[in-house]
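Please read the structure below before turning to the comments.
What follows is calculated from the coordinates using simple rules that are stated; it is not laboratory data. Since the structure is predicted, the reported quantities are computational estimates derived from the model, not experimental observations. Note that each Cβ is placed from the backbone with ideal geometry, even for glycine, and that neighbours are counted across all protein chains shown.
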Amino acid sequence: QDKGLDKKEVQNVLVEDARTGLDVETLKKAILNNLFYVQGKYPEIATRNDYYMALAYTVRDRLLQRWVASVKQYLEGKHRIVSYLSAEYLLGPHLGNNLVNLGIYKEAEQALHEMGLNLDWLIEKEIEPGLGNGGLGRLAACYMDSLATLEVPAIGYGIRYQFGIFEQDIRDGWQVEDTDNWLRRGNPWEIARREISYDIKLGGYVQHYMDRDGKFRTIWTPDLIVKGVAYDTPIVGYKVNTTNTLRLWKSEAPNSFDFQSFNSGDYSNAVNQKIICENISKVLYPNDETRSGKVLRLQQQYFFVSCSLQDMIGIHLRQGERIEDFQTTFAVQLNDTHPAVAIAEMMRLLVDEYDLEWVDAWRVTTRTFAYTNHTLLPEALEKWDMELFASVLPRHLEIIQEINRRFLDEVTVRVYGDQEKISSLSIIGEGPRRYIKMANLACAGSFAINGVAALHTELLKQTVLKDWYALSPEKFSNKTNGVTPRRWMVLSNPKLTELISSKIGENWIKHLDELKNLEKFADDPEFLQQWMDVKLEMKTQLAQRIVNRTNIKVDPESIFDIQVKRIHEYKRQHLNILHVITLYNRIKQNPEAEIVPRTFVFAGKAAPGYKQAKLIIKLINSVGEIVNKDPDVKGRLKVVFYPNYNVTNAQKIYPAADLSEQISTAGKEASGTGNMKLSLNGALTIGTLDGANVEIRECVGEENFFLFGLTAEEVENTKSDGYNPFHFYENNPNLKLALDQISNGYFSHLDDTIFKDLINSLLYDDQFMVLADYQSYVDCQDQVAEAFKDKVKWARMSILNVARMGKFSSDRSIREYCDEIWKVKSVPVTLNGTSSK
Ligand code: 73E
């Protein structure tokens, strides 16, 4: 660190207007400046990407100014900092969002306009960082936005994957995957901090000895050392100066990696070692809600967790604090169990590297970590084979065994030796092969444990974490998920945003509860008309995108019935398609039947190795092919599979939705967050009593929610009574017809083999109760169609629905985490003497 700089001079740079001003003239100058000095171009030869870069750097300068001020302010005082550990951040494109949060969207638009350019055109140029699979990664991104907006000091830690979630294409109805080379045009939103790096050990063996002072010492001799380099992305809050850091780690070979191999002349081994190091942050695992159990995945988890903890310890100690007080500087949130190895790593750092006694280290650790569970699906609960774990993290295995030994000693007394409880609480699972249960490690090492929706938290307490709840009920709480209205309304739906603000002002953007002030306009004919106009305009725009992307022409006046999310059996996209087939058959049986026109939009990725999910995509496209071109349908039904669902596409889809499909088997979707975004954008929900649907329905009112299906309790009871899906097939002619058509090849050019696995699993297993819920779903869909016929009444429901969605802002979620778990307060950041724009 350079100490020689004149502090006054640095201050002056910060306040220099010509560099960081927010007015149109200054922005124009800055854009041209960056075009010249960053891109090395002048207007006549600049490409669209050059202009995108010039604008991005212009925005970045303004972010940096606030970022420096924030860091400075955090370091000057003594504030507890939130550290969010997540293997995934599904950020979405930065440019538009940063313009919104800086409060200069209009100004930038004007500046570009005066230069003969169009802002939307540049915004569309950005390749989004898809460093997450779905809801869990997107939640982390919404939380980063809310933390900054609420002016809470926070650092998000994660992995800078070189390849994010794969790009999906559809060929002949099947999903094909392509790599996501998101960095190919460079990334103006990150700053490589080459000076911030840590060495991370992997593999090898452990030795113990007693030193001269009679103290037990441990040496871990790894067989590989990788270096983690920090890449920082500033995250600015909405109309505040607070700009937090998202610090993502890139793996590299250490500077001296090749020393031994080169000396021994083994060049190719040296090169291999370098490749192995770089591989660790190479690619995001594309499995949403499924375990992978692969060595590389464990290496990724440990890699980013160790870098992050070493970084935090460094920050803490540089504040002049004692290591024993670490928890006063940081509250560390574990986003699911993916970073749970942090508990063992913290113990290792404290005991092996900082010489703390075990009990003192454990006290620090258990006051530092809090754990969020995101799923009850057994196949998603992380378990590591013990031998595999030992081969990557030999020292951590010892530590986990010691944690477990002490923990079980304590527990045995409390459960009066109940062996079943002891083995359920044990961090180590027994069986043909022993394994490590990451959820148990997370529970043992955390002071707080939370679920992500009310129902989910209750189910957690009753099922997977039952024995933990009995042991420490005070650790448990619910923190219902939320979404940021900045990206998911202001940025993605500017027309609706403007309409709402014209009635109730702009305060709702930061205080989403204020949407309730809209209720009094729900019967105002002019407002109703404006509401319908905006929705129709958004539907027309989406229709244009659909025809461009898929060649399918859809009617903007039809019901836009939308299911967009990862493809998974528990989310039941196949239940939706059974409804499509049922409507189609009604038409075939009576071409004059009254059918309210509908456009079914599906989008979502299937994990590349998940056969049934990929088959569901093929089925949707196959049904679409027949339905879309059958003349009897007369265009009343259209089925669209919109490829490559990601944040960019979601932003275009949500505003156009009339109906939001939230149809998971009750008890399986922990929360859902797409349900919130669609509803906030004026869609009504058809859904089961699952996840956050329960709370959404409570808020918007049962009269504005289309409810169907078994409850979580009924699902469990039906299963324990011996569920027989075949019975539903035999006794429901419409269901039978639809399933028979699929298996006979009606939708697949008479190929009766393609969908065999899917049909067999429905008829003879049906884990997710598709057949049991079919009739209830179809009946409910008939009510939807009936309701949609009265467009004004539908619009009124839509308005009331939006007016009552205030609870689902991620600001509310983050406030709850801050007050009840992290015990952190906001620290307003001042810039030129003011605390916001
Ligand atoms: O219900 C969603 C929830 O809204 C849940 O399925 C999802 O997390 C969202 C945010 O809380 C989720 N993703 C994963 N587990 N739960 C997961 C598991 C393994 C790998 C990647 C993601």
Distance (nanometres) between label positions extended 7 Å along Cα→Cβ at Asp782 and Phe726
2.9 nm
Of the convex hull enclosing the alpha-carbon atoms of region 259-325, the direction-averaged projected area in nm² is 7.7 nm²
Taking every DSSP beta bridge with both residues inside the chain, roughly what % is antiparallel (nearest 5)?
45 percent
What does the extension gain come out to for Gln419 and Tyr267, with contour length at 0.36 nm per residue minus their alpha carbon separation?
49.2 nm
Per Stokes-Einstein, at 25 °C and 0.890 mPa s, what whole-number D in µm² s⁻¹ belongs to region 323-418, with the Kirkwood radius over Cα pairs as the hydrodynamic radius?
165 µm²/s
In square nanometres, what is the average projected area of the Cα convex hull of region 358-515?
12.9 nm²
Separation of region 125-175 and region 376-420 by C-alpha centroid, Å?
31 Å
How big is D, in µm² s⁻¹, for region 759-835 by Stokes-Einstein at 37 °C and 0.692 mPa s if Rh is the Kirkwood radius over C-alpha pairs?
183 µm²/s
Based on Cα coordinates alone, diagonalise the gyration tensor for region 208-352, multiply each eigenvalue by 5, take square roots, and list the semi-axes in whole Å, largest first.
28, 25, 17
Computed over the chain, the relative contact order (Cα-Cα under 8 Å, seq sep at least six) in percent reads 14 percent
At 0.36 nm per residue, and after removing the present C-alpha to C-alpha distance, how many nm does the segment from Glu402 to Lys793 gain when stretched out fully?
134.4 nm
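For Val206, Val580, which order do you get if you count the other beta carbons within 10 Å of each Cβ and list the fewest first?
Ordered from fewest to most neighbouring Cβ atoms within 10 Å, Val206, Val580 come out as Val206, Val580.
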Please list, or write none, the aspartates and glutamates whose alpha carbon is within less than 16 Å of the alpha carbon of Lys274, excluding same-chain residues fewer than 8 places away.
Asp199, Asp223, Glu252, Asp258, Asp266
Listing Tyr84, Tyr764 from the residue with the fewest other Cβ atoms within 10 Å to the one with the most, what is the order?
Tyr764, Tyr84
If you take the charge dipole of region 560-808 about its Cα centre, with +1 on Lys and Arg Cβ and -1 on Asp and Glu Cβ, which of Ser798, Phe705, Leu739 is farthest toward its positive end?
Ser798
In the chain, if the dipole is taken from +1 on Lys/Arg beta carbons and -1 on Asp/Glu beta carbons about the Cα centre, which of Tyr570, His456, Ile170 is farthest to the positive end?
Ile170
Using only the alpha-carbon atoms of region 560-808, report the extent along each of the three principal axes, biggest first, to the nearest angstrom.
48, 45, 35
Roughly what would the spin-label model give for Asp765 and Thr463, points 7 Å off Cα along C-beta, in nm?
1.7 nm
Might you report the magnitude of the Cβ-based charge dipole of region 521-566 about its Cα centre, with Lys and Arg at +1 and Asp and Glu at -1, to the nearest 20 debye?
620 debye
Counting other C-beta atoms within 10 Å, which of Leu85, Leu112 has the fewest, and how do the rest follow?
Leu112, Leu85
Extension length gain for Lys282 and His208 (0.36 nm per residue less Cα distance), in nm, is 23.2 nm
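Show that you can apply the helix-only estimate: for the chain, add -39,500 (n - 2.57) for every DSSP H stretch of four or more residues, divide by all residues, and state [θ] at 222 nm to the nearest 500.
Estimated from H runs of four or more residues: -14000 deg cm²/dmol.
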Net dipole in debye of region 560-808 [+1 Lys, Arg Cβ; -1 Asp, Glu Cβ; about Cα centre; nearest 20]:
1120 debye
Rounded to the nearest 20 debye, what is the charge dipole size of the chain about its Cα centre when +1 sits on each Lys and Arg Cβ and -1 on each Asp and Glu Cβ?
1320 debye
If the reach is capped at under 17 angstrom between alpha carbons, list the lysines near Lys421, excluding any in the same chain fewer than eight residues apart.
Lys437, Lys461, Lys466
Excluding residues fewer than 8 places away in the same chain, name every one of the aspartates and glutamates whose C-alpha is closer than 13 Å to that of Lys41.
Asp50
Just to confirm the filter: which GluC sites (Glu not before Pro) across region 651-748 are DSSP coil and have at most 10 other Cβ within 10 angstrom of their Cβ?
none
With the cut-off at 25 Å, report for region 619-756 the share of all Cα pairs above it, as a whole percent.
46 percent
Arg815 versus Glu506, label points 7 Å from Cα toward the beta carbon: distance in nm?
2.1 nm
Along the charge dipole of the chain, Cβ charges K/R +1 and D/E -1, which of Leu95, Tyr302, Met386 sits furthest on the positive end?
Leu95
Violating pairs (Cα-Cα greater than 32 angstrom) within the set Lys125/Lys611; Lys282/Lys495; Lys565/Lys634; Lys479/Lys652; Lys793/Lys825
Lys125/Lys611; Lys282/Lys495; Lys793/Lys825
Roughly how compact is region 537-674, stated as its Cα Rg over 2.2 N^0.38 Å to two decimals?
1.02
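Compactness ratio of the chain: Cα Rg over 2.2 N^0.38 Å, N = residue count?
In units of the globular-protein estimate, the chain measures up at 0.97.
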